[in-house]
Amino acid sequence: MKTAFITGIAGQDGSYLTELLLTKGYRIVGVERSRKNIPDYFSPLIHKVDLLEVDILDYQRMAEVLSCYKPDEVYNYAAYSSGAEMFDDPISIGEVNGLAVVRILELIRKIDSNIRFCQASSSEMFGDASISPQSEETAFNPRSPYGAAKLYAHSMIKIYRRHYGLFACSAILYNHESPRRSLSFVTKKIVHEAVRIKLGLSKELRLGNLNSRRDWGFAGDYVLAMWLMLQQAQPSDYVVATGETHSVRELCEIAFGYLGLDYRDYVREDPVFYRATETVQLVGNPSKIRNELGWVHQIGFREMIIMMVDAELRRFKG
């Protein structure tokens, strides 16, 4: 039986990966900084995993846990959010999204260099990209503390792989959503408010640029990509994306339309929520992961948004 160690296990990606690995017979050890904020959707999984309270910045405690369990695979999902919080507290973002990753790599090197490691990296490392779509060969140019910290971790993974021979990979993840997303992300914000408006609990939704486009995929598909990365003969980094873009306007049209509403009656553009204009579109080129690992996203954009609306309706009615 393989053992997987998952940081940030109760978050969106951690919970979907937990469900996937349970179907594959893994023993799962998960860490969260506090049990107090475990979301409801994780409740059915609590008794199926070894759930520990650990701050990943606590090097000694992390060393004790990894030495005790000696996992076969480590997946790092503990990080500051890439939603509305990318500029909040740059120092802490650097510690958690950057240095904490190096600490984990050091522990793997010292405890058992055969442990395989996957980092949830980010398309925000490309930032003001020079070309579109972006691939594993595209130059990085982060434009936020979040993107810069992720790039530091990504760079150190390459160094540890090359210099120490660790099986360490970066999954360069583009936007991936699900009913388990937090309200700091525009997808969940739109779905949440659309349902509130449908139920008469709200009257309007204010957003930034409705023509802004993103490469949005389903989180359940993306954790499968990360698992596949650790099953290969050799470690490598992969862009994980759909290769498609959709606008915020399209997202609104689907969410409100599914509820029998016309988004134009309720959604207002507000300059307060505008982000810096992108000269080049952030969209991933998933050719490498498709060709080498056979991974292709299964859940389409419309299907994902409808899934999120249905889940939000159930939550409000419950």
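The values are calculated or read from the model by the stated rules, or taken from the named source; none is laboratory data. Just so it is clear, the model here is predicted, and its values are computed rather than measured. Counting neighbours? That spans all protein chains shown, and the Cβs are built from the backbone with ideal geometry, glycine included.
Quick check on K70: is it among the basic types (K, R) and over 19 Å from R181 (Cα atoms)? Yes; evaluated as a whole, the condition is true for this residue. Selection of segment 269-292 for residues being modelled with pLDDT of 95 or more, in contact with a strand residue (DSSP E or B) (Cβ under 7 Å, 6 or more places away or on another chain) and not β-branched (V, I, T) yields G284, N285, P286, K288.
Name every residue in segment 39-64 that is free of Cβ contacts under 8 Å to residues at least 40 places away in the same chain and farther than 21 Å from S92 by Cα, in order of residue number. Scanning segment 39-64 gives D40, F42, S43, P44, L45, I46, H47, K48, D50, L52, E64.
If you filter segment 93-105 down to residues that are under 16 Å from G8 (Cα atoms) and touching a Pro at 6+ places or on another chain (Cβ under 9 Å), you find that the one that is surrounded by the most Cβ atoms within 10 Å (Cβ to Cβ) is N97.
When we screen T187, T245 for residues that are in contact with a helix residue (DSSP H, G or I) (Cβ under 8 Å, 6 or more places away or on another chain), hydroxyl-bearing (S, T, Y) and closer than 26 Å to D128 by Cβ, the only hit is T187. Picking from residues in segment 171-228 that are among the basic types (K, R) and closer than 17 Å to F256 by Cα, the one that is surrounded by the fewest Cβ atoms within 10 Å (Cβ to Cβ) is K203.
The set of residues in segment 85-118 that are of a type in the set (F, W, Y) and either closer than 19 Å to L173 by Cβ or in contact with a Phe, Trp or Tyr (Cβ under 6 Å, 6 or more places away or on another chain) (or both) contains only F117. For segment 1-26, the set of residues classified as under 20 Å from M229 (Cβ atoms), surrounded by fewer than 17 Cβ atoms within 10 Å (Cβ to Cβ) and not hydroxyl-bearing (S, T, Y) consists of K2, E19, L20, L22, K24, G25, listed by residue number.
The single condition among (1) closer than 21 Å to S92 by Cβ; (2) touching a strand residue (DSSP E or B) at 6+ places or on another chain (Cβ under 9 Å); (3) assigned to a helix (DSSP H, G or I) that K36 does not meet is (2). Reported count of residues in segment 1-38, each being aromatic (F, W, Y) and within 13 Å of the chain's Cα centre (by Cα), is 1. Candidates are the residues of segment 176-200 that are outside any helix (DSSP H, G or I) and free of Cβ contacts under 8 Å to residues at least 60 places away in the same chain; the one that is farthest from T242 (Cα to Cα) is G200.
Is it the case, given these coordinates, that K36 is surrounded by fewer than 22 Cβ atoms within 10 Å (Cβ to Cβ), on the phi > 0 side of the Ramachandran plot and of a type in the set (D, E, K, R)? Criteria not met by K36.
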